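To start, the structure itself, in structure tokens.
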Amino acid sequence: MTPLIEYRGIARRFTTRRGTVTACEHVDLTVHEGEFLAIVGPSGCGKSTLLNMAAGLLQPSAGAVFYRGEKVAEPNTRVGYMTQRDTLLPWRSVEDNVAIALELRGESRAERLRKAHDWLHRVGLKGFESAYPGQLSGGMRRRVSMARTLAYEPETILMDEPFGALDAQLRLVMHDELLKLWAATKTTMVFVTHDLMEAVTLADRVAVFSPRPGRIRAIETVDLPRPRDVFRIRFDPRFGELHDRLWGYLEENVREGVRVG
Amino acid sequence: MDTLTAEMDQPRVGHDAIASARDEWLKVMAWRIGITVVGLGVWEGISGRWVKPFWISSPSAIWAQLFGWYESGDLWMHIEITMTETVLGFVFGAVSGVAFGLALGLNKRLAAVLDPFVIAFYSLPKIALAPLFILWFGVGLLSKVVMATFVVFFLVFYNTYAGTLAVEQELVDVLRLMGATRWQIVRKVILPSVLLWIFTGMKISVPYALIGAVVGEMMASNKGLGYLIQASAGQYDTAGVFAALFVLMIIATGLHELLKQSEKLMLRWKEEST
């Protein structure tokens, strides 16, 4: 498989009033083209930092990030980024939000609205085209964000705890939709979460991070067959086995965290 | 929008709800009218009985004065003068305030350089400049327009500038990743999110435009509502002062309403997102 994103010897330090904080260090990680990679770790271990670097919104303090062999030095327009927080434009209707990237590219209004409606339909939001984001529930806004990210077909999609704020049932529904949409597009996915269950359900490979300063503790391949039934897969014995093994790496951290805290 | 309301589990607004809302509104209106009538009645009652009309005049005397001005045609002439000054000052001040606010907001270097000057002028009580403007631009319309412009300019400028600083970086970043050019980001993210701030600035500056014009008139002029107040007070004509104040109040309220309506129209998304 071709390496698409390469993190080489990455460290990132932030200066705060109380001194220097190291978010992550010694990170070497390769994301292959077309794969679904999940990054799991406790909060504050620099997971989002890694996504920001791949997007070119943040430069590492040491090391470098390469995208298709080129160093990422400025905003990387080949990735789509779905952040933890809502970044829909509140003054635009849902359809105009989904169509915005196409609008920036200069596609005609008819064409981009056709695509936007198609995607809104696929994420189950038919009938809400002309609503404003403020009129929708949190889960619906997440779907709009997803449709917006997928609609312009970026080569790679970065997702930073996209479903973190949703309740457990709704998350499963979103997982199901995400996997279906992903299977149809075969985009490269980098998915950050602190939920191990979510990571194993969705990903081809899972990278486990230690707490701050974040380092990669282990990378495991999830060899569960696709298409996966997100509602049943966690009862699969292989799922349990893998989950247990990965949990082992995380558990040490969690226990350490308790002792330190 | 019917399906939307239903699917979002909002209680449908039934006839009962509409009727009770109307009842509520009628009650509020009844109270308002009651307060006005009682207030005016008490005013009229105590004037001349317990308090000399010289101090507080009376509603009937004020009404007579207004009617007198109306008959002679003076009322419209003065209103027109004051309104012209206010509106011109507001328009010039708002346009230049928005332009300058955006220029500084989008150009960090320029903002850094001009910061101390802006603060210095902003802190200055603008009214204190009125004598200077009268000296420069005479006792006519122009000095009041400049005065109002100056007051409005700073309020709108400051709000616009603050608005550009408050634009959410995440929104800008997402669009940059989508390949937006600088100009596209300005048009599709920065301007729409600053619009709310611009409107706030304009809304609060409307009464100040009026203040600028009226204060200018009170200092030196022979026309306008400010002049009317000053001239009436000079003749110990309390009814005249109150009558002019009453007209000013009506004008200020009208301007405020006008702006509120246009804001509703332009920020429709905000209205619907509750």
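Scanning for something at positive phi, in contact with a helix residue (DSSP H, G or I) (Cβ under 8 Å, 6 or more places away or on another chain) and at pLDDT below 95, does segment B:168-184 turn up at least one residue?
For segment B:168-184, residues at positive phi, in contact with a helix residue (DSSP H, G or I) (Cβ under 8 Å, 6 or more places away or on another chain) and at pLDDT below 95: present.
What's the total number of residues in segment A:68-97 that are closer than 20 Å to residue A:4 by Cα and touching a Ser or Thr at 6+ places or on another chain (Cβ under 8 Å)?
Counting residues in segment A:68-97 that are closer than 20 Å to residue A:4 by Cα and touching a Ser or Thr at 6+ places or on another chain (Cβ under 8 Å) gives 5.
Report whether or not residue B:98 is among the β-branched types (Val, Ile, Thr), farther than 26 Å from residue B:227 by Cβ and assigned by TED's automatic domain parsing to the domain that holds residue B:259. Walk me through how you get there before you give the answer.
On the way: among the β-branched types (Val, Ile, Thr): yes; farther than 26 Å from residue B:227 by Cβ: yes; assigned by TED's automatic domain parsing to the domain that holds residue B:259: yes.
Yes: the conditions hold for residue B:98.
Do any helices (runs of 4 or more DSSP H) entirely within segment A:113-215 hold 1 or more residues that are closer than 17 Å to residue A:229 by Cα, and if so, which?
A:168-185, A:196-202
Output the residue which, of all residues in segment A:78-112 that are free of Cβ contacts under 8 Å to residues at least 12 places away in the same chain and part of a loop (DSSP other than H, G, I, E, B), is nearest to the other protein chains (Cβ to nearest Cβ).
That would be A:85.
Inspect segment B:193-205 for any residue being farther than 27 Å from residue B:103 by Cβ and at pLDDT below 90 and give the result as yes or no. Talk me through it step by step, then tell me what you get.
Of segment B:193-205, the ones farther than 27 Å from residue B:103 by Cβ are none.
No, segment B:193-205 contains no residue that is farther than 27 Å from residue B:103 by Cβ and at pLDDT below 90.
State all residues of segment B:229-270 that are in a helix (DSSP H, G or I), over 26 Å from residue B:60 (Cα atoms), more than 11 Å from the chain's Cα centre (by Cα) and not charged (D, E, K, R); if no residue qualifies, say none. Steps first, answer last, please.
Step one: list which residues in segment B:229-270 are in a helix (DSSP H, G or I), which gives B:229-234, B:238-266, B:268-270.
Checking the rest, the ones that are also over 26 Å from residue B:60 (Cα atoms) come to B:255-266, B:268-270.
Retained after the next criterion (residues that are more than 11 Å from the chain's Cα centre (by Cα)): B:261-266, B:268-270.
Of everything in segment B:229-270, those that are in a helix (DSSP H, G or I), over 26 Å from residue B:60 (Cα atoms), more than 11 Å from the chain's Cα centre (by Cα) and not charged (D, E, K, R) turn out to be B:261, B:262, B:265, B:266, B:269.
Considering each of A:99, A:62, A:11, A:38 in turn, give the residue that is among the small types (Gly, Ala, Ser) and out of contact with any strand residue (DSSP E or B) (no Cβ under 8 Å at 6 or more places or on another chain). Please lay out each step first, then the result.
Numbers: A:62 fails: out of contact with any strand residue (DSSP E or B) (no Cβ under 8 Å at 6 or more places or on another chain); A:11 fails: out of contact with any strand residue (DSSP E or B) (no Cβ under 8 Å at 6 or more places or on another chain); A:38 fails: out of contact with any strand residue (DSSP E or B) (no Cβ under 8 Å at 6 or more places or on another chain).
Of A:99, A:62, A:11, A:38, the one residue that is among the small types (Gly, Ala, Ser) and out of contact with any strand residue (DSSP E or B) (no Cβ under 8 Å at 6 or more places or on another chain) is A:99.
May I ask you to list pairs of residues, at least six apart or on different chains, whose Cβ atoms are under 8 Å apart, with the first in segment A:114-140 being surrounded by fewer than 20 Cβ atoms within 10 Å (Cβ to Cβ) and the second being at pLDDT below 90 and basic (Lys, Arg)?
What qualifies is A:134/B:270.
The values are calculated or read from the model by the stated rules, or taken from the named source; none is laboratory data. If you're wondering where the values come from, they're calculated on a predicted model, not measured in any experiment. Reconstructed Cβ throughout: ideal geometry from the backbone, glycine too, with neighbour counts over all protein chains shown.
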